[in-house]
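Below is one structure; the comments refer to it alone.
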There are 4 protein chains.
Amino acid sequence: MIIVMSPSATQNEIEQVVARVTGAGLKVHLSEGKLRTIIGLIGEKKLMAQLPLEAMPGVEKAISVTAGYKLVSREFKNEDTIVDVGGVLVGGVNLVVMAGPCAVESREQLLESANIVKAAGAQFLRGGAFKPRTSPYSFQGLEEKGLEMLAEARSLTGLKVVTEVVDIQSVPVVSAYADVLQIGARNMQNFQLLKAVGKSGMPVLLKRGMAATINEWLHAAEYIMSEGNFNVMFCERGIRTFEDYTRNTLDLSAVAALKNLSHLPVIVDPSHGTGVWKLVRPMARAAVAGGADGLMIEVHPNPAEALSDGNQSLTPENFQALMQETSAVAQAVGRRMA
Amino acid sequence: MIIVMSPSATQNEIEQVVARVTGAGLKVHLSEGKLRTIIGLIGEKKLMAQLPLEAMPGVEKAISVTAGYKLVSREFKNEDTIVDVGGVLVGGVNLVVMAGPCAVESREQLLESANIVKAAGAQFLRGGAFKPRTSPYSFQGLEEKGLEMLAEARSLTGLKVVTEVVDIQSVPVVSAYADVLQIGARNMQNFQLLKAVGKSGMPVLLKRGMAATINEWLHAAEYIMSEGNFNVMFCERGIRTFEDYTRNTLDLSAVAALKNLSHLPVIVDPSHGTGVWKLVRPMARAAVAGGADGLMIEVHPNPAEALSDGNQSLTPENFQALMQETSAVAQAVGRRMA
Amino acid sequence: MIIVMSPSATQNEIEQVVARVTGAGLKVHLSEGKLRTIIGLIGEKKLMAQLPLEAMPGVEKAISVTAGYKLVSREFKNEDTIVDVGGVLVGGVNLVVMAGPCAVESREQLLESANIVKAAGAQFLRGGAFKPRTSPYSFQGLEEKGLEMLAEARSLTGLKVVTEVVDIQSVPVVSAYADVLQIGARNMQNFQLLKAVGKSGMPVLLKRGMAATINEWLHAAEYIMSEGNFNVMFCERGIRTFEDYTRNTLDLSAVAALKNLSHLPVIVDPSHGTGVWKLVRPMARAAVAGGADGLMIEVHPNPAEALSDGNQSLTPENFQALMQETSAVAQAVGRRMA
Amino acid sequence: MIIVMSPSATQNEIEQVVARVTGAGLKVHLSEGKLRTIIGLIGEKKLMAQLPLEAMPGVEKAISVTAGYKLVSREFKNEDTIVDVGGVLVGGVNLVVMAGPCAVESREQLLESANIVKAAGAQFLRGGAFKPRTSPYSFQGLEEKGLEMLAEARSLTGLKVVTEVVDIQSVPVVSAYADVLQIGARNMQNFQLLKAVGKSGMPVLLKRGMAATINEWLHAAEYIMSEGNFNVMFCERGIRTFEDYTRNTLDLSAVAALKNLSHLPVIVDPSHGTGVWKLVRPMARAAVAGGADGLMIEVHPNPAEALSDGNQSLTPENFQALMQETSAVAQAVGRRMA
């Protein structure tokens, strides 16, 4: 932490800041410039985080220098984490693909989707049983019945199941049916839920919040890891910006940024990230070229009949084409698709 | 819902859209322009919401014309809602002020804060017992002990208590101690929690999500109201933008927008909305002049000692000045502060 | 400037940074923490600005501590600047109102508008003769003919004229007719134009860019002032955010922020700031309560007939009501409207 | 254009809208729903654009259905445009690379840079002679001397020269030395400058504005094309969002969006798009995989000595690696790098 004093700060104000900081068990390092004094804080960052120094007279601003997370960082663990989901590895040289409908709508729709994505080479089946929807009057998901269908699809195809958990109560039931618990964008800072999935020990796919900085996202993963659960995967799914041609702005630079800052794997969801099916294939290729460890793709046997997000779902044909294209790109960057 | 067909759409594609729409129980109205055909949909909006028409061949875009909410709207209820919180009315000619520390830190700090804000004229005591924090290593609140202190402060001062509820499990305990349940910004689209506070019947203060549009915010309130709970108050607390001088960008135009679209009262929180204590007084005055029904203000006996958000908390002296200034502004716009 | 070295920086890397900095004529101050070394730079900020230190090995980030502007700052000049526009003072206890149509459309429309805003108490007539428009096929303004009409309206009513200048070439002709040169949002970082209006010596109204931070805006004003022209007024007109109910998000906290950081007057334009005529009156009241030195309001004799921005223009009746309301608010905050 | 009437609109208000629209020479198509009436407008969009219908009583909103641009659109010209820059083709199967320092700093620096980028396989030399800088006290470029150096570098290496033009006055001099005129982000809506480069007939590289929507960007290109100059290339360089780890958020989905909407080639600048040299290589690969027609990359012989943007510049070694990596990706998507 660095404290920048105002040019008009008095000697007395500087001394009060120093007294406050040292009183909290930290050391200081004063640097007196031509215009102003700068105070460096040395010691435990936990202690620093609790000092509201900007409220003290004479302080212009306090700048945090060190990150507030630890377990997620490359400094803590240098080699890449590989998450083992029942034998399917996420994070190594092989790329994974998670695909399926936005929502589980019926047994037929789900099994058909599972067969399609399996045939095209995906390792995971995605599909929402509990659906967070903007309006209370929209389709909210089949809930446990949907989970049963997902489990049936798994036993028929061998695909791993990734599905969203929307509250603490349903962590046990979703854990009973799924292989990976997904935390949706709207719950990225639902800290009670993060702790609960941390305690579950299940592999977790942590989607980025719509307005979450990379720094906040890393902290959200730290919540899960601080409960002893190291099986965390990030999922970039677009951030909210002024641009309205796309549903969100897919921030692919976050993939490379996370790879620098953290050892955890990173998945990209170009379906939610763009909201426009025509943009899904090019952005899937771009994600893989940019270093993503996997893709999450919405596929529907008949997008025009989907109960949610049909506008961004791929047809089976488009999904197959996507798999072929991204496989070629994967090879070009030294990765493999199964 | 209006469907804009592409200029290159074929007659067959137009007919398929019409068949799909009428098959879903809706009527259509065709408008053939020089360049393209436009199809208007007539019928239940619930039916329309479930049609993924943009996925159909030949469709350029589908534009939603009617809102997906109902109970929160001025069309549903024209006169202003006044929420009765144990005798204190929110939403009429009288403005309310909710003030206190960001977090309950200790019995002494809270009771001192309560006395300060009571003396200056506030009707509500705010203070977090459960604190959502970006980092798992930051102070997380005193939890039920904090609630007990809030209740003691209420019995000593007569102030109503507003405090945050962060998950479904704690709705009963918070309801037992508080007068108003606050939904924090990070939980604005935690739909399970919205339903739970809806069922509780308690007055609810619904903070705006950091990246929530006004439209999504109205829908979040609709979740609460659709459970039969009409005691909902909005609280504007700033949105996330590129500007970094302030912690958030306080969107005061949302106040007037909500007053046009909805009958529910609107509170403004300039403390979180700016994150800079020097900006709190001018923005409190602005909020009242712009039509807010009340203010939520962070006040701390000694901001430089606060465990959270000290940088945006007012000293007792500044809070008194705020109350006087805003009272004058209130009169100028035909409102009253107690 | 503060340089934060990476935890893994070697002693050699630290020494190279020190050598680079001292070689550039600056002094350093080393602070060795538990985890990392921090290097404070002391000396001319101009020298610091030209060092790309983040590109050096071992450097994690370089943090700028001091502002890059000088003449616009409160440190440079503590008392408020009052800009004298031919006898009308902008920036003192009296608030000014600049009103009129978005674009000059015809002599009749302009003279009628001028009479309306004069009668309601405005001191300035606004109206675009050169119009920056998103599409090349939209109405682009009457150009010099429009300027002549503005000058005629001034001689008939005594109103001062504020109008936009869109390129260097037209600075002389606009200066010949207008009292204040307006720099539009799209040109806030058109640095050649800023220098040109700086050299003109004319009073300048500097609108905020759609995506400009407060810091960049201050620098833009510094461009004008660094040419010796101190007659600069800021105009907040909304920033671009994800919210789409309003055309822009009017950032009223920028008013108080600017008042803290700078001595220059600040005008608020709630017409462009919201884009919705129903929101103009409440936001005008809010702006005045929040400390604005004046308002810029679009008024049209018949908004439904306007050639541009009719949707955000006030009718004469609404403008009169605005003047009365804001006058009451002005009094409540110790200001006066003429 | 579609006009959505309010549910409370009267028959008289509907008739007035119809009268206004037909009076302007347009036809209408009425669609009376259960809740509200919707009025479709048929006719010239130029006429529609000038009707401020939202200002009319009873109108809830007016929705534009057709784009305001024409020449840039795929509807106008279906096959991809290939811009011929003195024999180097931009837009076909071959990808182009524009590389060099942010600013021309000296003859030695520029010639060294030119040799480096030429050797690595670039076709264009980039380098600013006129530099738009946030602060008036930052290095502003070598101006015409810089242009001379660029021309010398071209004659020595055969590279084409792309450099920024910042105002109308310097269009002739920049045109005399450069092969491509670059319009910088801050000038994307400097409409006078767009018209001037349109009239020049020179190839133009149009960078996206920091807060420009794709729609506004297309309109900016339309300004250039409407002057008869069809040699326009887009350049995505990141948009401004809340994320502060990167300097901007590189919006790669804009590449695929533009390819759908327009026939013009699209270049990507990951150097400005991220502002972090470590992210440039992965984002360059991603851009090519996502469909970009070329790259613009900042390369400096010694980034740590650069006078501007050293933090985002690549060393010669990193640039060579980038060229090899992207070449492999290009092949995987059916493109070629020279």
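A few comments on the model shown:
- A residue that is under 25 Å from C:Ile224 (Cα atoms), at pLDDT 95 or above, open to solvent by less than 30 Å² (accessible area, probe 1.4 Å) and touching a helix residue (DSSP H, G or I) at 6+ places or on another chain (Cβ under 8 Å) cannot be found anywhere in region C:100-123.
- For region D:146-156, the criterion of being facing chain C (nearest Cβ under 8 Å) and either open to solvent by 20 Å² or more (accessible area, probe 1.4 Å) or within 30 Å of C:Ile214 (Cβ to Cβ) (or both) is met by none of the residues.
- Against the test of being within 12 Å of chain D (Cβ to nearest Cβ), touching a strand residue (DSSP E or B) at 6+ places or on another chain (Cβ under 9 Å) and under 22 Å from D:Ile168 (Cβ atoms), the options C:Met188, C:Met202 yield a single qualifying residue, C:Met188.
- Exactly one residue out of C:Lys195, C:Lys199, C:Lys118 is over 21 Å from C:Glu236 (Cα atoms) and under 19 Å from the mean Cα position of the chain (by Cα), and it is C:Lys199.
- Within region B:27-60, the set of residues being within 14 Å of chain A (Cβ to nearest Cβ) and at pLDDT 80 or above comprises B:Met56, B:Pro57, B:Gly58, B:Val59, B:Glu60.
- Residue within region D:259-280 that is more than 21 Å from A:Glu325 (Cβ to Cβ), more than 22 Å from the chain's Cα centre (by Cα) and aliphatic (A, V, I, L, M) present: no
- Condition met for A:Ala332 (touching a residue at least 24 places away in the same chain (Cβ under 8 Å) and either more than 22 Å from the chain's Cα centre (by Cα) or open to solvent by 10 Å² or more (accessible area, probe 1.4 Å) (or both)): yes
- Sole residue being more than 24 Å from the chain's Cα centre (by Cα), in the same structural domain as C:Gln182 (by TED's automatic domain parsing) and among the aliphatic types (A, V, I, L, M), chosen from C:Leu125, C:Leu150, C:Leu111: C:Leu111
- Close pairs (8 angstrom Cβ cut-off, 6 or more residues apart or separate chains): over 27 Å from C:Met233 (Cα atoms) and facing chain D (nearest Cβ under 7 Å) in region C:295-312, polar (S, T, N, Q) and open to solvent by less than 10 Å² (accessible area, probe 1.4 Å) anywhere: C:Pro303/C:Ser313; C:Ala306/C:Ser313
- Members of region A:43-65 found to be in a loop (DSSP other than H, G, I, E, B), open to solvent by 20 Å² or more (accessible area, probe 1.4 Å), in contact (Cβ under 8 Å) with a residue 40 or more places away in the chain and under 22 Å from C:Ile3 (Cα atoms), listed by number: A:Ser64
- Restricting attention to region D:97-122, the residues being in a loop (DSSP other than H, G, I, E, B) and not aliphatic (A, V, I, L, M) number 5.
- Residues in region A:313-329 that are over 17 Å from A:Ala114 (Cα atoms) and at the interface with another protein chain (Cβ under 8 Å from one of its Cβ atoms): A:Glu325, A:Ala328, A:Val329.
- Scanning region A:279-304 for residues that are out of contact with any helix residue (DSSP H, G or I) (no Cβ under 6 Å at 6 or more places or on another chain) and surrounded by fewer than 24 Cβ atoms within 10 Å (Cβ to Cβ) gives a single hit, A:Asn302.
- Evaluating B:Ala24 against the criteria (1) within 14 Å of chain A (Cβ to nearest Cβ); (2) under 28 Å from the mean Cα position of the chain (by Cα) leaves one unmet condition, (2).
- Test: residue in region C:185-192 that is assigned by TED's automatic domain parsing to the domain that holds C:Leu125, out of contact with any Gly (no Cβ under 6 Å at 6 or more places or on another chain) and aliphatic (A, V, I, L, M): no
- Looking across region C:225-241, the residues that are without any contact (Cβ under 8 Å) to a residue 60 or more places away in the chain and either within 9 Å of chain D (Cβ to nearest Cβ) or of a type in the set (Ser, Thr, Tyr) (or both) come down to C:Glu227, C:Ile239, C:Arg240, C:Thr241.
- Any chance A:Arg154 is within 30 Å of B:Ile239 (Cα to Cα) and in a helix (DSSP H, G or I): no
- Among residues of region B:75-96 being under 17 Å from the mean Cα position of the chain (by Cα) and not in a strand (DSSP E or B), the one that is surrounded by the most Cβ atoms within 10 Å (Cβ to Cβ) is B:Gly91.
- Boolean, B:Ile267 is without any contact (Cβ under 8 Å) to a residue 60 or more places away in the chain, buried (at least 24 other Cβ atoms within 10 Å of the Cβ) and either more than 7 Å from every other protein chain (Cβ to nearest Cβ) or among the acidic types (Asp, Glu) (or both): no
- Residue match in region C:306-317 (condition: among the small types (Gly, Ala, Ser), assigned to a helix (DSSP H, G or I) and over 21 Å from C:Val180 (Cα atoms)): yes
- Within region D:124-131, none of the residues are buried (at least 23 other Cβ atoms within 10 Å of the Cβ), in contact (Cβ under 8 Å) with a residue 60 or more places away in the chain and assigned to a helix (DSSP H, G or I).
- Matching option when the condition is open to solvent by 10 Å² or more (accessible area, probe 1.4 Å), touching a residue at least 24 places away in the same chain (Cβ under 8 Å) and within 14 Å of D:Pro282 (Cα to Cα), among D:Ala321, D:Ala338: D:Ala321
- In region C:242-249, the count of residues that are open to solvent by less than 10 Å² (accessible area, probe 1.4 Å), facing another protein chain (nearest Cβ under 7 Å) and under 21 Å from the mean Cα position of the chain (by Cα) is one or more.
- A single member of A:Lys160, A:Lys199 is more than 30 Å from A:Ile116 (Cα to Cα) and not aromatic (Phe, Trp, Tyr), and it is A:Lys199.
- Among the residues of region A:207-224, those that are open to solvent by 10 Å² or more (accessible area, probe 1.4 Å) and without any contact (Cβ under 8 Å) to a residue 40 or more places away in the chain comprise A:Met210, A:Ala211, A:Thr213, A:Glu216.
- Of all residues in region C:225-241, those being within 13 Å of the chain's Cα centre (by Cα) and open to solvent by less than 10 Å² (accessible area, probe 1.4 Å) number 7.
- Exclusive hit being facing another protein chain (nearest Cβ under 10 Å) and either at pLDDT below 75 or touching a Pro at 6+ places or on another chain (Cβ under 7 Å) (or both), set A:Thr66, A:Thr81: A:Thr66
The values are calculated or read from the model by the stated rules, or taken from the named source; none is laboratory data. Remember, predicted model here, so these are calculated numbers, not experimental data. When we count neighbours, we look across all protein chains shown, and the Cβ atoms used for this are built from the backbone with ideal geometry, even at glycine. The protein model used for the area step is the full one, side chains on, heavy atoms only, and it has no ligands, DNA or RNA in it. Shrake-Rupley method; radii C 1.70, N 1.55, O 1.52, S 1.80 Å.
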